[in-house]
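The values are calculated or read from the model by the stated rules, or taken from the named source; none is laboratory data. The structure presented is a predicted model; accordingly, all values stated were derived computationally and were not measured. Neighbour counts run over all protein chains shown; Cβ positions are idealised from the backbone, glycine included. All accessible areas refer to the heavy atoms of the entire protein, side chains included, with ligands and DNA or RNA removed. Shrake-Rupley method; radii C 1.70, N 1.55, O 1.52, S 1.80 Å.
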Amino acid sequence: MAATSLLPKSISHFLTNPPSLPSTTTSKLSFLNPTHDHPQCCTKRPNLHTVHLKKKNPWLDPFDDGPDPDMEYGTLFTDGKQDEDPRPPDNPDNPYGFLKFPKAFNVEIASLALKVRGDVRRCCCMISGGVYENLLFFPAIQMIKDRYPGVQVDVVASPRGKQTYEMNKNVRWADAYDVDDDFPEPRVYTDFVGVLKGRYYDMVLSTKLAGIGHASFIFMTSAEHKVSYVYPNVNSAGAGLFLSETFTAESLNLSDGGYHMYKQMVDWVGKPFRSVPRQPLPPLKVSLSRKIKEVVEAKYRKAGAERGKYVVIHGIESDSQASMQSRGDTDSLLPLRVWAKIAKGIRDLTPVFVIPHEKERENVEEIVGYDAPIVFITTPAQLAALINDSAGLIATNTAAIQLAHAREKPSIGLFCSEEKAKIFVPDAEEKRCTIIASKTGKLIDIDVEAVKKAINFVNVSLALV
């Protein structure tokens with residue numbers, strides 16, 4: 001009997017707090033023969049990791065059979081979310097200096113909480129794409145903050161995408177590094193690997209489709225959780241060896257998924273864990289500083305518009321990178337001659353044309369008129385501030401549509417097809433967005449009269465308000 005009691009299942013009970021041993025040697029040992037009368041801190045719980053869990057890569061650890069379903073845990077770092085304890089304020093007058101640790105971070109037991117409960121104190125998000133793709137990742141960042149209280153979130157994005165985080169208060173640092181560059185300079189590559197490794201991240205999330213090259217880049221950060229999308233073809237070979245969790249993209253262009261393009265990663269971040277339920281995905285929200293609002297107000301007043309009495313027109317055809325298009329919808333810009341016809345249908349409100357480059361100013365003045373209000377804006381924060389002070393928005397499928405939704409402004413979205421509209425603007429009625437789609441699959445063939453009717457309907461709604 002003694003030999004049969006020393007099975008691997010019984011070894012797990014060393015993790016609990018056993019009752020004190022009796023003085024007699026004839027009594028049965030409680031940790032060798034577990035009873036059914038466990039205290040509340042040692043009750044068995046269903047292992048939620050096994051729900052919809054993908055098969056582990058046998059090449060990572062051939063001896064890893066996954067979590068033990070019969071494992072019993074004690075009371076230390078087991079249930080609930082991580083704690084966000086207040087940290088004493090720093091004393092700048094201290095002549096001996098001080099160490100800057102995150103809140104609720106104890107050096108001695110940090111690794112224990114990371115292993116047992118999966119605490120994340122520092123998280124790095126590598127976002128592929130431009131303004132549109134980074135903007136749609138905002139709800140995921142808010143979910144990370146809600147799921148891991150006290151976590152510090154950093155972002156690595158392209159120089160254009162970095163501008164988006166001027167509107168996000170949840171991000172501590174935003175570094176400009178183009179993860180989409182397949183052949184970076186060696187000095188920049190090695191330097192940035194050292195920067196990320198020196199920050200001691202607990203989790204690294206990447207939305208770039210990873211092959212063995214990008215996977216090894218994430219691996220060198222030495223994070224505990226290395227999570228990334230991988231190619232849906234042979235280019236993903238070997239990437240799983242360097243990553244702890246992978247998501248196979250449905251296509252080579254992740255942006256084809258539209259508003260829910262990060263659904264797989266969001267499901268993994270918000271997964272339930274023991275007594276913690278599934279974390280819901282919050283809506284898209286952006287924050288604007290007072291300085292940005294003042295700068296933008298000076299711009300549109302100089303153009304001749306007043307607060308709440310103008311309509312923003314965004315999506316003018318241009319070769320500028322500041323057009324804020326999505327990679328999943330390249331047919332999302334209209335020529336000026338079409339915008340001029342649409343602007344004629346606006347009544348009681350002033351149409352304000354947003355240009356992504358100064359060279360477009362002459363074209364607008366020539367086609368629309370020299371008295372047309374024109375505002376030159378290249379950053380998403382200034383565009384959000386302009387939409388925030390307006391009565392509404394008329395735009396193609398650019399970041400302006402998502403910013404109007406984030407600021408709860410009525411909008412009219414012009415799309416090349418109904419399918420694109422459903423993908424990028426789901427639940428359009430709840431978001432106060434009127435969808436006008438082309439019947440031919442090309443945005444240039446959009447029905448201008450239908451757009452004018454939608455404008456009149458919006459004008460009547462605003463008048464009632």
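Touching a residue at least 24 places away in the same chain (Cβ under 8 Å), open to solvent by 30 Å² or more (accessible area, probe 1.4 Å) and of a type outside the set (Ser, Thr, Tyr), is that true of ALA237? So ALA237 fits the description; yes.
Exactly one condition in (1) open to solvent by less than 50 Å² (accessible area, probe 1.4 Å); (2) more than 23 Å from the chain's Cα centre (by Cα) is false for LYS442; which is it? Unmet for LYS442, out of (1) open to solvent by less than 50 Å² (accessible area, probe 1.4 Å); (2) more than 23 Å from the chain's Cα centre (by Cα): (1).
Which ones in the range 158-188 are among the hydrophobic types (A, V, I, L, M, F, W, C), in a loop (DSSP other than H, G, I, E, B) and open to solvent by 90 Å² or more (accessible area, probe 1.4 Å)? Reasoning before the result, please.
The initial filter retains those residues of the range 158-188 that are among the hydrophobic types (A, V, I, L, M, F, W, C), namely 167, 171, 173-174, 176, 179, 183, 188.
So of that shortlist, the ones also in a loop (DSSP other than H, G, I, E, B) come out as 179, 183.
The answer is PHE183, and nothing else.
Within the set SER251, SER216, the sole residue that is over 30 Å from ALA406 (Cβ atoms) and either in contact with a Cys (Cβ under 9 Å, 6 or more places away or on another chain) or surrounded by fewer than 21 Cβ atoms within 10 Å (Cβ to Cβ) (or both) turns out to be SER216. Per the conditions (1) assigned to a helix (DSSP H, G or I); (2) open to solvent by less than 40 Å² (accessible area, probe 1.4 Å), the sole criterion not satisfied by THR207 is (1). Within the range 189-204, the residues that satisfy the criterion of being at negative phi and open to solvent by 30 Å² or more (accessible area, probe 1.4 Å) are TYR189, THR190, ASP191, GLY194, VAL195, LYS197, GLY198, ARG199. Filter the range 310-332 down to residues that are open to solvent by 10 Å² or more (accessible area, probe 1.4 Å) and among the β-branched types (Val, Ile, Thr) and give me whichever is farthest from ILE412 (Cα to Cα). Among them, the one singled out is THR330.
Among the residues of the range 406-421, the ones that are hydroxyl-bearing (Ser, Thr, Tyr) and buried (at least 18 other Cβ atoms within 10 Å of the Cβ) come to 1 in all. Pairing residues of the range 298-317 that are touching a residue at least 60 places away in the same chain (Cβ under 8 Å) and in the same structural domain as GLU365 (by the TED database) with residues that are acidic (Asp, Glu) and surrounded by fewer than 18 Cβ atoms within 10 Å (Cβ to Cβ), at Cβ distances under 9 Å and at least 6 apart in sequence or on separate chains, gives TYR300/GLU306; GLY304/ASP371; ARG307/GLU297; LYS309/ASP348. Note on the range 207-236: among residues that are touching a Phe, Trp or Tyr at 6+ places or on another chain (Cβ under 7 Å) and of a type in the set (Gly, Ala, Ser), the one that is nearest to ARG327 (Cα to Cα) is ALA210.
Within the range 120-139, the residues that satisfy the criterion of being open to solvent by 10 Å² or more (accessible area, probe 1.4 Å) and either closer than 17 Å to LYS81 by Cβ or of a type in the set (Ser, Thr, Tyr) (or both) are ARG121, ARG122, SER128. Taking the conditions exactly as written (of a type outside the set (A, V, I, L, M, F, W, C) and farther than 30 Å from SER128 by Cβ), does GLU297 satisfy them or not? It is true that GLU297 is of a type outside the set (A, V, I, L, M, F, W, C) and farther than 30 Å from SER128 by Cβ.
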